[in-house]
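**Q** My questions all concern the structure below.
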Amino acid sequence: MNETFNLYRLQQLDTQRLQRLKRIKRIDQIIASDKAVQKIQKRIDLALRQHTEKEAILADLNTKVSEKTLKYKQTQAKLFGGKISVTKELQDLQAESEALTRTIQTLEDKQLDAIHESEITQAALDDAHLAMKQLLNEQATDNSLLLGERERLLQQLPKINSQREALKNQIEDGLFEEYSALFKAKGGIAVAEVIEGSCRACGFELSPTDLQQAANPGVILKCKGCGRILYKA
Ligand SMILES: [Zn+2]
């Protein structure tokens, strides 16, 4: 039985499996960040609604101030136009003029507050738009394509898993445990190919004796550089 070849095959399957799981995880992250788009969109909608409200209040106040100011000017023109000589009428115009002054003052105070509030809601809206722009720049992906890819990857997993199980049954328990421990400890690569006399994982050059050993399918040889199981085709 060629143990090292079986281990090498197992490594290949595990690598394929890991690559797919990683990719699925990445796709999930990208899709989840699309929820972030929805979240920011809600923020934009809310900010826009609030800002529109404030703008409407401000526009209404502007109109009222203009109207009252015009009325005040008309009253003043009548008052000082010299055409009215009846004291009672002049007194009424004077009172009206004063009342208008007070009204305009109150409206102008409200107008200042409204301008301030409108600036705040405008800033919140700008912030939300900026956040969206940044997020979209980060993403720039087509989610429907990604979902298709995710589905394909998921479909490939059972086949890889069953091949892996079948292979595992051919490997001696102790050796499989050793493989699993190395797999965990060595970043998902337990078995390294020998390419041009060196370990593919760490580049360690094998001695001529080790090269001979590595070529012997019945011998489990570990790299003296990284400790991984060596496989030579
Ligand atoms: Zn090595």
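A short reminder: the numbers here are calculations on the coordinates, not readings from a lab. Quick caveat, the model's predicted, so the values are computed rather than measured. Quick reminder, even Gly has a Cβ in these numbers, built from the backbone with ideal geometry, and neighbours come from all protein chains shown.
**Q** Assuming 0.36 nm per residue, please report the length gained on full extension of the stretch Asp126 to Ile31 beyond their Cα-Cα distance. Walk me through the numbers on the way to the answer.
**A** Values: separation 95, 0.36 × 95 = 34.20 nm, distance 2.51 nm.
My answer for the length gained is 31.7 nm.
**Q** Which order do the peptides 152-160, 63-71, 78-86 come out in when sorted by mean C-beta neighbours inside 10 angstrom, highest first?
**A** My ranking of the peptides, most packed first, is 63-71, 152-160, 78-86.
**Q** Then there is this: Report, in cubic angstrom per residue, the convex hull volume of the C-alpha atoms of segment 115-178.
**A** 154
**Q** Tell me, what ³J(HN,Hα) does each residue in segment 197-204 have, in order and in whole Hz, if you take phi through Karplus 6.51 cos²θ - 1.76 cosθ + 1.60 with θ = phi - 60° and put x for Gly and Pro?
**A** Per-residue couplings from phi come out as x, 10, 5, 5, 6, 10, x, 4 Hz.
**Q** So how tilted is helix 3-80 from the main axis of the chain? Cα-based, degrees 0 to 90, rounded to 10.
**A** That helix lies at roughly 0 degrees to the long axis.
**Q** Based on the alpha-carbon set only, what is the convex hull volume of the chain divided per residue, in Å³? Walk me through the intermediate numbers first.
**A** Numbers: hull volume 43.8 nm³, N = 233.
Looking at the chain, the number lands at 188 Å³ per residue.
**Q** Okay, next question. Once fully extended, how much extra length lies between Thr87 and Glu165, figured as 0.36 nm per residue of separation less the alpha-carbon to alpha-carbon distance?
**A** Numbers: separation 78, 0.36 × 78 = 28.08 nm, distance 10.99 nm.
Length difference between fully extended and current span is 17.1 nm.
**Q** Give me the percent relative contact order of the chain, please, defined on Cα pairs under 8 angstrom at least 6 residues apart.
**A** Working: 205 pairs, mean separation 74.6, N = 233.
Relative contact order, the chain: 32 percent.
**Q** Additional query: For segment 98-233, what does the relative contact order come out to in percent, with C-alpha contacts under 8 Å and a separation of six or more? Please list the in-between numbers first.
**A** Working: 81 pairs, mean separation 19.6, N = 136.
Worked out over segment 98-233, it gives 14 percent.
**Q** Then there is this: Could you grab the relative contact order for segment 28-151? Cα pairs under 8 Å, six or more apart, rounded to a whole percent.
**A** 46 percent.
**Q** In addition: Subtract the Cα-Cα distance of Glu53 and Gln76 from 0.36 nm times their separation in residues, and report this length gain in nm to one decimal. If you can, show how the numbers build up before the last one.
**A** Values: separation 23, 0.36 × 23 = 8.28 nm, distance 3.45 nm.
Additional length available on full extension: 4.8 nm.
**Q** Could you pull out which residues in segment 32-51 have an amide N less than 17 Å from a spot 7 Å beyond the Cα of Leu147, following the Cα-Cβ vector?
**A** What the label zone holds, given the 17 Å backbone N cut-off, is 32-39.
**Q** When you count, for each residue, the other Cβ atoms within 10 Å and take the mean per peptide, how do 226-233, 35-42 rank with the highest first?
**A** Output ranking for 226-233, 35-42: 226-233, 35-42.
**Q** Determine by what factor the alpha-carbon radius of gyration of segment 28-151 differs from 2.2 N^0.38 Å, reporting the quotient.
**A** Ratio of Cα Rg to 2.2 N^0.38 Å: 1.95.
**Q** In degrees between 0 and 90, to the nearest 10, how far off the longest principal axis of the chain does helix 173-185 point, with axes built from Cα atoms?
**A** Helix 173-185 sits at roughly 40 degrees to that axis.
**Q** Tilt of helix 87-139 relative to the longest C-alpha principal axis of the chain, in degrees (0 to 90, nearest 10)?
**A** Between the helix axis and the principal axis of the chain, the angle is about 10 degrees.
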